[in-house]
1. Let me confirm something: among B:Leu59, B:Leu77, B:Leu43, which residue is within 13 Å of another protein chain (Cβ to nearest Cβ) and in a helix (DSSP H, G or I)?
2. Could you tell me which residue of region B:149-159 is nearest to the other protein chains (Cβ to nearest Cβ), considering only residues that are over 14 Å from B:Asp113 (Cβ atoms) and open to solvent by less than 50 Å² (accessible area, probe 1.4 Å)?
3. Taking the criterion of being open to solvent by 70 Å² or more (accessible area, probe 1.4 Å), closer than 25 Å to A:Ala78 by Cα and part of a helix (DSSP H, G or I), would at least one residue in region B:10-25 satisfy it?
4. Does region B:1-20 hold any residues that are without any contact (Cβ under 8 Å) to a residue 40 or more places away in the chain and in contact with a helix residue (DSSP H, G or I) (Cβ under 8 Å, 6 or more places away or on another chain), and which are they?
5. Please give the helices (runs of 4 or more DSSP H) falling wholly within region B:89-182 in which 3 or more residues are under 25 Å from B:Glu18 (Cβ atoms) and without any contact (Cβ under 8 Å) to a residue 12 or more places away in the chain.
6. Taking the options A:Gly41, A:Gly36, A:Gly17, name whichever one is within 18 Å of A:Pro96 (Cα to Cα) and either within 14 Å of chain B (Cβ to nearest Cβ) or hydrophobic (A, V, I, L, M, F, W, C) (or both).
7. In region B:26-40, what count of residues is obtained for those that are within 14 Å of chain A (Cβ to nearest Cβ) and in a helix (DSSP H, G or I)?
8. What number of residues within region B:80-116 are open to solvent by less than 40 Å² (accessible area, probe 1.4 Å) and either within 13 Å of chain A (Cβ to nearest Cβ) or at pLDDT below 95 (or both)?
Amino acid sequence: MSVGVVLVSHSPLIAEGLAQMVRQMAGDIALAFTGGDAGGGLGSDTEKIKTAIEEVWNEDGVAVFVDLGGAEMNTDVAIELLGAERAAKVRIAAAPIVEGAVIGATVAFTGGTLEEVIAEAEAYG
Amino acid sequence: MIASLIERCHATIAGHAEVLTELDRAIGDGDHGINLERGFDVLLAEKDAIAELPWPKALQEAGKVLVSKVGGASGALYGSFLLGMAKAAEEGVDVASQVEAGVAAVRKRGKSDVGAKTMLDVLVPVSEALAEGRAGDLRRIADEAREATGPMKATRGRASFLGERSIGHCDPGATSARLLIHAVLDVIEQGDAR
C-alpha cells in the first residue's frame, strides 16, 4: 500500500480537475477527492471530507490537500471524527493545493512515507 | 430554556441573513448569512429533541449540527464553540467557565486570537467580562467590540486576502457573534424557564 491522498476544495470542479492531474502524474495511488458543500454548492462539508479520507485510509497514512480556510477547518473536524487511532495517521499539508497535491502524490506513488509526502509537498508546493 | 435559545438564535440569524451575507460579500466570500441560516434551520427542526437532553448533551448535539450542516468555516467555529462548552459543562463548571472553554475551542480551531478581525474580537472580551461577573455590560461590550473590527486589518480568514482593503468594513463573523450574544441575553433576561 502507499500513502493515501485526499483533495478537498471549495469547488467540486477544482477537486475533480485536480484529481485528473494527480492521476496523470501518480497513476493508481489511493486517491479520493471532494469538493463543495453538502448541496453541491461552493463550500466544504465535514461528512463528505470524512468519507473521502475513509475511502483511502490505510496503515501508511493519508495526506490531505486543502484549498481555503473553511476546507482546512472542516478537514480538522473530519479528522477528529475518525477517532484518535486513525486520526494519528492523517496529516493536512500546508501547501498550495495544486502544486502540493501533484508533488505529494508523486512522492506517495514512489513509495514515500507520510512524513516524506508532507515534507516534499510543503517544501516545493 | 434550551428550546427558547434555539428559537431566538434562529430568529436573529434568519432575520439578519441578508445583512451578514452583504457584509461577507464586501470582505469575504459572501456566504456567511446563507451558511449560518442553513445550520440554524436544522437546529430549529431538531429543537424538541435537543431540548429534552441534559444541558451538556444539548450543547454537544447543537454543536454537532452546526459543525456538520453549516458548510463553511463559521460552522466549524460556532460548532467547536458549543462542543468546547459541552465538554466543560460535562465537568460541572459554571457557565462563565463553559463559555471560556468554548472561546478556547474557537481559538484552537481557527488558529487565531483577538486583533485578527474575526469573531474572536467579540467572543473574547464578552467571555472575559462574563468571567468577571459583569453580566450587565455584555451587550455594550459586544456592540463596541463588533464596531471595533471595522478599522482593523484582517489577518485571518478570507478577508485577510484583501489586506488593507478589509479596513472600513465590520467583520461578518464578529457581527454574527454579536447578534447571537444579544439573542442569548434576550432569552436569559426574560427568565424563560421552558
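1. On the way: B:Leu59 fails: within 13 Å of another protein chain (Cβ to nearest Cβ); B:Leu43 fails: within 13 Å of another protein chain (Cβ to nearest Cβ).
Result of the check over B:Leu59, B:Leu77, B:Leu43: B:Leu77.
2. If we filter region B:149-159 for residues that are over 14 Å from B:Asp113 (Cβ atoms), which is where we start, we get B:150-151, B:153, B:158-159.
Going one step further and asking which of them are open to solvent by less than 50 Å² (accessible area, probe 1.4 Å), we end up with B:150, B:159.
Values: B:Gly150: 21, B:Ala159: 10 Å.
The residue in question is B:Ala159.
3. Step one: of region B:10-25, the residues open to solvent by 70 Å² or more (accessible area, probe 1.4 Å) are B:18-19, B:22, B:25.
Right, trim to closer than 25 Å to A:Ala78 by Cα and you get none.
Checked region B:10-25: no residue is open to solvent by 70 Å² or more (accessible area, probe 1.4 Å), closer than 25 Å to A:Ala78 by Cα and part of a helix (DSSP H, G or I).
4. Narrowing region B:1-20 to residues without any contact (Cβ under 8 Å) to a residue 40 or more places away in the chain: B:10, B:14-15, B:17-18.
Once the filter is applied, which keeps residues that are without any contact (Cβ under 8 Å) to a residue 40 or more places away in the chain and in contact with a helix residue (DSSP H, G or I) (Cβ under 8 Å, 6 or more places away or on another chain), region B:1-20 yields B:His10, B:Ala14, B:Ala17, B:Glu18.
5. Numbers: elements: B:95-110, B:120-131, B:138-148.
Per the criteria, no element qualifies.
6. Values: A:Gly41 fails: within 18 Å of A:Pro96 (Cα to Cα); A:Gly17 fails: either within 14 Å of chain B (Cβ to nearest Cβ) or hydrophobic (A, V, I, L, M, F, W, C) (or both).
Only one candidate passes the filter, namely A:Gly36.
7. Looking only at region B:26-40, we keep the residues that are within 14 Å of chain A (Cβ to nearest Cβ), and these are B:27-39.
Cutting the leftovers down to in a helix (DSSP H, G or I) gives us B:27, B:32-39.
Number satisfying all stated conditions: 9.
8. Filtering region B:80-116 down to residues open to solvent by less than 40 Å² (accessible area, probe 1.4 Å) leaves B:80-82, B:84-86, B:88-89, B:96, B:98-99, B:101-103, B:105-106, B:109-110, B:112, B:116.
Retained after the next criterion (residues that are either within 13 Å of chain A (Cβ to nearest Cβ) or at pLDDT below 95 (or both)): B:80-82, B:84, B:105-106, B:109-110, B:112, B:116.
Summing the residues that are open to solvent by less than 40 Å² (accessible area, probe 1.4 Å) and either within 13 Å of chain A (Cβ to nearest Cβ) or at pLDDT below 95 (or both) in region B:80-116 gives 10.
The values are calculated or read from the model by the stated rules, or taken from the named source; none is laboratory data. What you see is a predicted model; the values in this text were computed from it and never measured. Methodologically, a virtual Cβ is constructed for each residue, glycine included, from the backbone with ideal geometry; neighbour enumeration extends over all protein chains shown. Surface accessibility is based on the protein's heavy atoms, side chains included, excluding ligands, DNA and RNA. Shrake-Rupley method; radii C 1.70, N 1.55, O 1.52, S 1.80 Å.
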